[in-house]
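What follows is calculated from the coordinates using simple rules that are stated; it is not laboratory data. Everything numeric here is computed off the predicted structure, so don't read it as measured data. Cβ coordinates were reconstructed from backbone atoms using ideal geometry, including for glycine residues, and neighbour counts include every protein chain displayed.
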Amino acid sequence: MNIQSAILRGENILKDQLIKSARLDTEILMAKALGVKREYIILNQDKNLDEKYLDYFEKLIQKRATRKPIAYLLNNKFFWNNQFFINKNTLIPRPDTEIIIEQVLKITKNKNKLRILDIGVGSGCILLSILKERENFYGTGIDISKNSLDICKINAKKLSVEKRTKLYKSDVDKFTQGKYDLIVSNPPYIKSSDLKYLENDILKFEPKLALDGGLDGLSVIRKVVKKSSELIKRNGKFILEIGFDQKNKVIKLLNKKGFYINSTLKDLAKNDRCIVSTKI
C-alpha cells in the first residue's frame, strides 16, 4: 500500500468518529510513523510503505479514533517559539495561554534579573518560554504533581534554561519559598459540574487535576490569589488565566488581597482570559 492509500483509509476511520481535523491528523500521524516531516508525506504520495511502518501508522490511527489527542500521540506540542515534550500527566498547552507570554514580555521590557513564580507549572510552557525569552530572569515553578514536574525538568533542559529554573512539589497553600517580582498562573478553573461538557479529547485524556476548579470553578483560584498576595513583592505583577465568565468574581478576590487591576486580556475568541494586576 502506498502513502496516499493509507492516508485515505486513515482519514475515513477518523471521519467515522466525527473528528473534524481527520485529514490533517492523518498526515501528521503518517509523518510520525515514518519519522519524517509532513511535507515529505505530501510530496511522496505514491511511495509504497513497508509493513512495519504501515502497522505503526494504523496503531496510531486507532488510538486517535478513541479521541486521544494528537499532542499525546506525538508526545509533543508547539507553544510560543518552542517544542515542548508532554504526556498524559500534563495539560496540553493552548494557543490562548500565549497571551500570558506576550504580556510578560511587554511589561518586563528593559527589566533585569527578575524572579518569577509559576503556580501550577505543569509542562513548564509558560515559565520556560519566559526564561527562554529573558536570559537574565530566574524562575521557580511549583506543582502538586511530581509527574508534571518531571516533564517540566525535561523541557527545561530542552530549552537550555535548567540552570535558571527551580522546581518544587508543593500544594499552593504550603509553599513559602522566596519573594517574587512576577507571578503567573494558569490554574484549574472549570466548574466540577461542567467537566462533563468538555470534548472527549479533553475529558477522557487530559489530567482532571489540571482542569477541575471545584464547585464554582474558583476553588484553586482563591488559593492562588491568596498565596500570590503573600509571595509577591510590592509593585510586583500578577498575571492570572481565568475562565471566560469569571472576570468580575476574580477581580473582587484580587482587590480584597491588595491587587490593583491593570487590565483584562481577551483570548483568540474574544473571551476574557487573563487578568493583569499589581500588588499595592
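With all projection directions averaged, the alpha carbon convex hull of the chain covers 15.3 nm².
Just checking the listed ones, ASP25, ASP201, ASP245: in the Gaussian network model of the chain with Cα springs under 10 Å, the one fluctuating most is ASP245. Relative protection proxy for 100-113, 210-223, from highest mean packing down: 210-223, 100-113 (other beta-carbon atoms within 10 angstrom). Where both bridge residues fall in the chain, DSSP classifies roughly 45% of the beta bridges as antiparallel. What separates the Cα centres of the stretch 245-280 and the stretch 69-145 is a distance of 20 Å. How many percent of the alpha carbon pairs in the stretch 1-75 exceed a separation of 16 Å? That fraction is 39 percent.
So which chymotrypsin sites (Phe, Trp or Tyr not before Pro) in the stretch 175-225 are both in a DSSP loop and have at most 16 other Cβ atoms within 10 Å of their Cβ? Working shown, then result.
Numbers: sites: PHE175, TYR180, TYR189, TYR197, PHE205; in loops: PHE175, TYR189, PHE205.
Sparse-neighbourhood loop chymotrypsin sites (Phe, Trp or Tyr not before Pro): PHE205.
Taking packing as the residue-averaged number of other Cβ atoms within 10 angstrom, the listed peptides 11-20, 149-158 run from highest to lowest as 149-158, 11-20. Nearest 10 degrees is fine. How inclined is helix 98-107 to the longest principal axis of the chain, computing both from alpha carbons? So the inclination is approximately 40 degrees.
One chain, two ends: SER170 and ARG9. Fully extended at 0.36 nm per residue, the span grows by 53.3 nm beyond their Cα-Cα distance. Straightening the chain between SER21 and GLU102 buys 26.4 nm, computed as 0.36 nm per residue apart minus the Cα-Cα spacing. Helix 247-256 and the longest principal axis of the Cα set of the chain meet at an angle near 30°.
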